[in-house]
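FYI, it's all coordinate maths here, none of it is from the lab. Quantities reported herein were computed from a predicted structural model and do not represent experimental measurements. All Cβ positions, even for glycine, are placed from backbone atoms using ideal geometry, and neighbour counts span all protein chains on display.
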Amino acid sequence: MTLDGITIENMVWVNEFGEAQVAQELVRGVTGNPILYEQAQPLGTPMRLTGAWVDRQTGQALRAKAAQPGVAWPVTLDDGRTYSVAFDRRNGVAVELIPVGERTEYAATHPYELALNLIILEDNNA
């Protein structure tokens with residue numbers, strides 16, 4: 001997987017099929033009859049990528065990208081599919097880094113578990 005020139009091995013899209021493709025709302029009319037509103041939601045869905053270990057330096061580079069508001073980033077998955085994404089900060093941090101093994105000091109090469117929380121803005125595969 002590559003995000004704006006940063007290559008990360010072994011990333012898995014864990015919620016690829018976890019979002020509804022149609023938004024739906026049911027309301028009752030004044031007569032009590034149900035009124036169903038539906039609309040396709042092809043974009044704006046979350047993309048959570050997990051499974052990789054990266055070094056501290058790569059993690060810091062990803063966090064620096066996530067700190068830039070209003071930017072769309074290119075992502076290419078290992079199977080060749082490409083998307084334009086933004087970092088998803090709605091439920092916490094967009095770049096999750098958990099150190100592998102506890103230390104009091106971490107070198108630039110120390111490994112971290114990585115999870116990326118993104119939002120799909122554009123599907124370039126249609």
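Under the criterion of Cα pairs below 8 Å and six or more residues apart, the relative contact order for the range 2-123 equals 31 percent. Listed from fewest to most Cβ neighbours within 10 Å, the set PHE87, PHE17 follows the order PHE17, PHE87.
About its Cα centre, the dipole of the chain is roughly 360 debye, where the only charges are +1 on Lys and Arg Cβ and -1 on Asp and Glu Cβ.
Rounded to the nearest 500, the 222 nm mean residue ellipticity of the chain from helices alone is -2500 deg cm²/dmol, with -39,500 (n - 2.57) taken per DSSP H run of at least 4 residues. When all alpha carbon pairs of the chain are counted in 5 Å bins from zero, the resulting P(r) reads 2, 10, 17, 20, 16, 11, 7, 6, 4, 3, 2, 1, 1, 0 %. Using θ = phi - 60° in the Karplus curve 6.51 cos²θ - 1.76 cosθ + 1.60, the 3J(HN,Hα) couplings for the range 61-72 round to 5, 5, 5, 5, 5, 5, 7, 9, x, x, 10, 9 Hz; x is entered for Gly and Pro. Extension gain, GLN39-HIS110: 0.36 nm per intervening residue step, less the Cα-Cα distance, totals 21.0 nm. Ranked by the mean number of other Cβ atoms within 10 Å of their residues, highest first, the peptides 77-85, 113-121 come out as 113-121, 77-85.
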